[in-house]
Amino acid sequence: MSYLIKPKNYRPFLDLKQTELGIKQIKEFFQLNLSSELRLRRVTAPLFVLKGMGINDDLNGIERPVSFPIKDMGDVKAEVVHSLAKWKRMTLADYNIEPGYGIYTDMNAIRPDEEMGNLHSLYVDQWDWERVILPENRNVTFLKEIVTRIYAAMVRTEYMVYEMFPLIKPCLPEKLYFIHSEELRQQYPDLDSKGREDAIAKEYGAVFIIGIGGKLGDGKKHDGRAPDYDDYTTIGENGLAGLNGDLLVWNHVLQRAVELSSMGIRVDKEALLRQLKEEGEEKRLELYFHKKLMSDSLPLSIGGGIGQSRLCMFYLRKAHIGEIQASIWPDDMREECLQHDMPLI
């Protein structure tokens, strides 16, 4: 069985009916605030894309997508999306979105290689968003500005939840703390990357870690990233590389850091070539998406994903993501969760 955290003396604040009401209100309220903060319009997104086009998100490069043949297209293969990181950028071009504006969508995915537990499910639901930027916006200062706007929407949503359910007290700090992954490594040299995330999130309550995907001073990566969407190698603040990052909060129920969002300024041509070369993936330049990027057919952009079920789980103080979303769980996990007052939907 995958690793399961069983919080001591855990009792849900809300019953099943209240939980479903809370999920509905959170999703409606947050997406309106996100749209307003970043000037995004809602678009319809695909559940699957054609295989071999370079459109699907490769995540860390090792996860297997769910695929199936399409009978009416000569059994050509389609893949269920992992996320819409690349698809969104093409959609910005298709809709001819102007700089300073963007799109968001409900993304639903299947990730069969996830290790199931309190925070990970086979089913992934998130708000995927993307916004057109100008060349002068490709810097850490602009990244922080966008992240701060998203965090403001998160804080407002938490207060809305408190107004609905007064037993759930707000816990997010007013300000988000920023730190580069290399500075974080130096601050906690004896911890691994997840231990460092726990330590910094517990200290500040909410933190954005900059520079995810590139190698740090010890030759290791803080975490993996596909080399063809986030720009994690361009030199930014303090001479450190990285124009992307993860937003984490301290989860008081689980007593650990929880990532709610991953986002970044996307690769331009130079960053794409550099990162593909570093990863030995230059063959991707022959794929459809990469050819469009190299031919200047795609706009410069910033984008990311915000976990819907994780956000609801955090706001409603749930101990398991299965208390928020319907999915498949091992029988022994479902039974053990029930014994610890974590009834899985």
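All of the numbers you see were taken from the coordinates with simple rules; none came from a lab. Here the structure is a predicted model, which means the values were calculated and not measured. When we count neighbours, we look across all protein chains shown, and the Cβ atoms used for this are built from the backbone with ideal geometry, even at glycine.
Where a ≥ b ≥ c are the square roots of the eigenvalues of the C-alpha gyration tensor, would you call segment 16-339 rounded, which needs a/c under 1.5, or, failing that, prolate if a/b is larger than b/c, or oblate? Rounded shape, in that the Cα axes give a/c under 1.5. Taking every pair of alpha-carbon atoms in segment 229-317, give the share separated by more than 17 Å as a whole percent. When every Cα pair of segment 229-317 is considered, 60 percent fall beyond 17 Å. The HN-Hα couplings worked out from phi for segment 46-51 by the Karplus form 6.51 cos²θ - 1.76 cosθ + 1.60 (θ = phi - 60°) are x, 8, 9, 9, 5, 6 Hz, whole numbers, x standing for Gly and Pro. Contact order, relative form, for the chain: 21 percent (alpha carbon pairs under 8 Å, 6 or more residues apart, mean separation divided by residue count). Along the axis of the charge dipole computed for segment 234-345 (Cβ charges of +1 for Lys and Arg, -1 for Asp and Glu, origin at the Cα centre), the listed residues TRP329, LEU260, LEU240 are led at the positive end by LEU240.
Quick check: from the Cα gyration tensor, does segment 167-211 come out rounded (a/c under 1.5), prolate or oblate? It is prolate, given that a/c is not under 1.5 and a/b is the larger ratio. Here the sum of -39500 (n - 2.57) over DSSP H runs of 4 or more residues, divided by the residues of the chain, equals -10000 deg cm²/dmol at 222 nm, to the nearest 500. Using 0.36 nm per residue and subtracting the Cα-Cα separation, the extra length available between SER36 and ASP75 on full extension is 9.8 nm.
Taking 0.36 nm per residue of separation and subtracting the current Cα-Cα distance, fully stretching the chain between GLU20 and LYS220 would add 67.9 nm.
Looking at segment 16-339 alone, DSSP beta bridges between its own residues are antiparallel in about 85 percent of cases. Helix 269-278 against the longest principal axis of the chain: what's the angle in degrees, Cα atoms only, rounded to the nearest 10? It works out to around 70 degrees. Residue exposure proxy: PHE289, PHE68, ordered by other Cβ atoms within 10 angstrom of their Cβ from fewest to most, comes out as PHE68, PHE289.
Count charges around VAL267 for me, please; just the other residues with Cβ under 11 Å from its Cβ, Lys/Arg as +1, Asp/Glu as -1. Value of the local net charge: +2.
Seen against the Cα atoms of the chain and their longest principal axis, helix 140-164 is set at about 30 degrees. What separates the Cα centres of segment 164-239 and segment 21-60 is a distance of 23 Å.
What is the sum of charges, Lys and Arg at +1 and Asp and Glu at -1, for the other residues whose Cβ falls under 9 Å from the Cβ of LEU216? That sum, taken over residues with Cβ under 9 Å, equals +2. For LYS221, nonlocal amide neighbours, meaning residues 5 or more places apart or on other chains whose placed amide H falls under 5 Å from its own, are LEU216. Output the 0 to 90 degree angle, nearest 10, between the alpha-carbon long axis of helix 85-94 and the longest principal axis computed from the alpha carbons of the chain. Its long axis makes an angle of about 60 degrees. Shape summary of segment 7-118, radius of gyration then Dmax from alpha carbon positions: 18.2, 56 Å. Residues of segment 259-302 with an amide N closer than 13 Å to a point placed 7 Å from the Cα of ALA93 along the Cα-to-Cβ direction: 268-269, 287-301. Dipole size of the chain about its Cα centre, with +1 on Lys/Arg Cβ and -1 on Asp/Glu Cβ: approximately 480 debye, rounded to the nearest 20.
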